[in-house]
Amino acid sequence: MDSTREQLQIFVRRFGLLNASCCDECCGEQVSMAQSHILFEIRRADSPAMQAVAEELGMEITTFSRQIKTLETKKLVSRRVSPDDRRVTLLSLSDEGLRVLTQIDRYMTKRLDHIFGGMSVFERETVVRSLGLLNEAVRRAGEAGSRQEGVVACRK
């Protein structure tokens, strides 16, 4: 494997986050990868503004809105108007949303434990540190040269 791009392409393809079989293996819910990322970001940011989560995920607000509507229909997410600014919609996980996300967390932890199982503690720590460095470099590159913060590759 010669190039950095090739290594990244292969990693993304092999890792296959929340692939088609995940719903049955993981939580039994029909939650797409995008929806899983939305749930994760809502929990991480603790009642964030809708626009902030859409921007963090690099999603157009109209696409993001449709995803939120679907998650609301599944009773995983709720939205409310910000008491500070009525133009802002805040998102939160329902108890069911938290339950589903906890199951996704368990599934991903099991998967990562399996992946890292063949590595020494030093190798695992090196990979995690390296991913942190790579994420920070991507964020800086996105700030310096892209209209969307943290986004380097093209996507639709």
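The values are calculated or read from the model by the stated rules, or taken from the named source; none is laboratory data. Fair warning: this is a prediction, and the values are worked out from it, not measured in the lab. Positions of Cβ are backbone-derived with ideal geometry, glycine not excepted, and every protein chain shown enters the neighbour counts.
Points worth noting:
- Residue among T73, T89 that is more than 17 Å from F40 (Cα to Cα) and surrounded by 15 or more Cβ atoms within 10 Å (Cβ to Cβ): T89
- Filter result for the condition that a residue is part of a loop (DSSP other than H, G, I, E, B) and in contact with a strand residue (DSSP E or B) (Cβ under 8 Å, 6 or more places away or on another chain), over S92, S47: S47
- Residue check for R79: touching a strand residue (DSSP E or B) at 6+ places or on another chain (Cβ under 8 Å), under 28 Å from S130 (Cβ atoms) and at pLDDT 90 or above: no
- Exclusive hit being surrounded by 15 or more Cβ atoms within 10 Å (Cβ to Cβ) and free of Cβ contacts under 8 Å to residues at least 12 places away in the same chain, set A49, A54: A54
- Among the residues of the stretch 50-81, those that are part of a loop (DSSP other than H, G, I, E, B) and basic (K, R) comprise K74, K75.
- Scanning the stretch 46-70 for residues that are within 20 Å of V138 (Cα to Cα), in contact with an Asp or Glu (Cβ under 9 Å, 6 or more places away or on another chain) and hydrophobic (A, V, I, L, M, F, W, C) yields A52, V53, A54, L57.
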